[in-house]
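Below is one structure; the comments refer to it alone.
Read the figures in this text as sums done on the coordinates, not as results from a lab. What you see is a predicted model; the values in this text were computed from it and never measured. A quick note on method: Cβ atoms are made from the backbone with ideal geometry, for glycine too, and the neighbour counts reach across all protein chains shown.
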Amino acid sequence: MKYMNIILIVSFSVLTAVTRLTPHPPNFTPLLSIAIFCGLIFKNKWSFFIPLSAMLISDLWIGFHNVLFFVYLPLLLIFMIGLKFENLHSFKNVTMISFFSSIIFFILSNFGVWIVGYPKTISGFIACYIAAIPFFHNTLISTLMYSSVFLFAVRYLTSNNLAVYKKNK
C-alpha cells in the first residue's frame, strides 16, 4: 500500500509538469487539484513539495516570471486547505474546496499581475481582473474536472486497498 502512495506522488508530479509543458488552454491544468489532493491524501506538510517541485521543474522550461510569488503562494494556501479537511471521500467537500481554491488562485495571482503590469489605480485594478475572467473560467473548470477524476481514483484505490491516506484525528 505504501508503494501505491509513492506511485500517486510521482504521478501527480509528472502529470502537473507534463500538462504545463504540452499545449493546453491557458490555466487548464491539474495544478490546483494536485495541491488540494496532496493535502487531503498525504496529510503531511512536506507533501507540498509535490506541486511545488512540479511547478519549479516546468518553470525551468516555460521560464520564470515576475509574478511567481503570487502563483506559488495560492498553491501553498490551497494545499493547507486540503490538510484541514477530514472527509476525503465527500464529493461535496472536494467540489467546495475546488471552487474556493479557484477563487483564491484567481484573486492572488491576478493581484500579482496588477502589481507588476497595470496602473496602480482602481481602474487599473478593475481592468486587470476583468481581463483575467477567461483565465478563471479555465481554472475553475479544470480544477473541478481534475479534482473529480482524482476523487474517483482515490476512492477506487482505497476501496481496493491499493493506497491509503491518513485522516486527521
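Taking every DSSP helix (H) stretch of at least 4 residues in the chain, weighting each as -39,500 (n - 2.57) and dividing the sum by the residue count yields a mean residue ellipticity at 222 nm of -24500 deg cm²/dmol.
For region 34-143, state which chymotrypsin sites (Phe, Trp or Tyr not before Pro) are in a DSSP loop and have at most 13 other beta carbons lying within 10 Å of their beta carbon. Numbers along the way, then the final one.
Working: sites: 37, 42, 46, 48, 49, 61, 64, 69, 70, 72, 79, 85, 91, 99, 100, 105, 106, 111, 114, 125, 129, 135, 136; in loops: 64, 85.
Here the sparse-neighbourhood loop sites are 64.
Full extension of the chain between residue 159 and residue 46 gives 38.1 nm of extra length, using 0.36 nm per residue less the Cα-Cα distance.
Can you put 148, 33 in order, fewest other beta carbons within 10 Å first? Mind dumping the intermediate values first?
Values: 148 15, 33 30.
Lowest count first: 148, 33.
The trypsin sites (Lys or Arg not before Pro) of region 81-164 that DSSP puts in a loop, and whose beta carbon has at most 11 other beta carbons within 10 Å, are 120. Using Cα atoms only, what is the angle between the long axis of helix 2-21 and the major principal axis of the chain, expressed in degrees (0 to 90) to the nearest 10? Tilt relative to the chain: about 20 degrees.
When a footprinting reagent is the concern and you count Cβ atoms within 10 Å, what order do 126, 104 take, fewest first?
Values: 126 12, 104 17.
So the ranking, lowest neighbour count to highest, is 126, 104.
Between the listed residues 11, 61, 38, the Cα displaced farthest toward the positive end of the dipole of region 1-138, a dipole computed from Cβ unit charges relative to the Cα centre, is found at 38.
Below 8 Å, C-alpha to C-alpha, sequence gap of six or more: please give me the relative contact order for the chain in percent.
Numbers: 209 pairs, mean separation 57.1, N = 169.
Reported relative contact order: 34 percent.
In this simple spin-label approximation, residue 59 and residue 152 carry label points 7 Å from Cα along the Cα→Cβ vector, and these lie 3.3 nm apart. If you count Lys pairs in the chain whose Cα atoms are under 18 Å apart, skipping same-chain pairs closer than 8 places in sequence, the total is 17.
Compared with the alpha-carbon gap, the fully stretched path from residue 103 to residue 18 is longer by 28.2 nm at 0.36 nm per residue.
Among 29, 19, which comes first, second and so on when ranked by fewest other beta-carbon atoms within 10 Å?
Going from least to most buried by this count: 19, 29.
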